[in-house]
Amino acid sequence: MSFTYDDVGATRETGFCPPGFHPLHVRTRVGEGEDVFRRAAEAVMTWEMHRAMGVGIDASADRAATGVDVTVTLAGMIKAPCRVVWTVEEYRRTGWAYGTLTGHPECGEEAFVVERTGDGTVWLSVNAFSRPAKWYSRAAGPATRGLQHAYARRCGTVLRRLCGEDT
């Protein structure tokens, strides 16, 4: 399957959004400290965060890595094929991004990155750019973007819970 957009890998540059796409940036505080960072990073890299959200994940590998194919299933009906386009595993920053493949209801890219700042605070950033690719995505209009924002916010809430930081 082929990517459905030209700027593959562009979510590496925070804030970049190709013309004709809608940007998304949601940053959520997950907790504090090295243990929280390591737990959050592992949950993101192994699909645990996504599975804990209740979405179906069918991946060609147990961990995110460039070239891994992932199909996300929503509500048991909508299948969204993607491919991991980049990963990062650094001392204070871990995550990955996937790009949409033919058959995905949207067209674009989405990144999930866990970062530990200098003061020890752990954050999840979800950055994306997208536009509708299927008739039902276009028909839903702004509601689709609202659902994408809700999904990104839920990622942070679920990750905080997985790390034992939800109070």
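The values are calculated or read from the model by the stated rules, or taken from the named source; none is laboratory data. Given the structure is predicted, the values throughout are model-derived calculations rather than measurements. Every residue, glycine among them, receives a Cβ derived from its backbone with ideal geometry; neighbour counts consider all protein chains shown. Each accessible area value is taken on the protein alone, full model and side chains, heavy atoms only, with ligands, DNA and RNA left out. Shrake-Rupley method; radii C 1.70, N 1.55, O 1.52, S 1.80 Å.
Things to note:
- Sole residue being more than 24 Å from residue 81 (Cα to Cα) and of a type in the set (Val, Ile, Thr), chosen from 36, 44: 36
- Residue under evaluation residue 43, criteria (1) within 16 Å of residue 128 (Cβ to Cβ); (2) in contact with a helix residue (DSSP H, G or I) (Cβ under 6 Å, 6 or more places away or on another chain), criterion not met: (1)
- Hits in region 104-122 (condition: assigned to a strand (DSSP E or B) and surrounded by 19 or more Cβ atoms within 10 Å (Cβ to Cβ)): 106, 107, 108, 109, 110, 111, 112, 113, 114, 115, 116, 122
- Filtered residues of region 74-103 (kept if open to solvent by 20 Å² or more (accessible area, probe 1.4 Å), touching an Asp or Glu at 6+ places or on another chain (Cβ under 7 Å) and not aliphatic (A, V, I, L, M)): 83, 92, 93
- Some residue of region 123-137 being open to solvent by less than 30 Å² (accessible area, probe 1.4 Å) and on the phi > 0 side of the Ramachandran plot: no
- Qualifying position, being within 14 Å of the chain's Cα centre (by Cα), acidic (Asp, Glu) and open to solvent by 30 Å² or more (accessible area, probe 1.4 Å), among 32, 48, 13: 48
- In region 51-63, residue surrounded by the fewest Cβ atoms within 10 Å (Cβ to Cβ) [restricted to those that are out of contact with any Gly (no Cβ under 8 Å at 6 or more places or on another chain) and among the small types (Gly, Ala, Ser)]: 54
- Here the strands (runs of 3 or more DSSP E) wholly within region 7-103 that include at least 2 residues being among the aromatic types (Phe, Trp, Tyr) are 93-100.
- Filter pass, residue 38 being among the basic types (Lys, Arg), open to solvent by 70 Å² or more (accessible area, probe 1.4 Å) and in contact (Cβ under 8 Å) with a residue 12 or more places away in the chain: no
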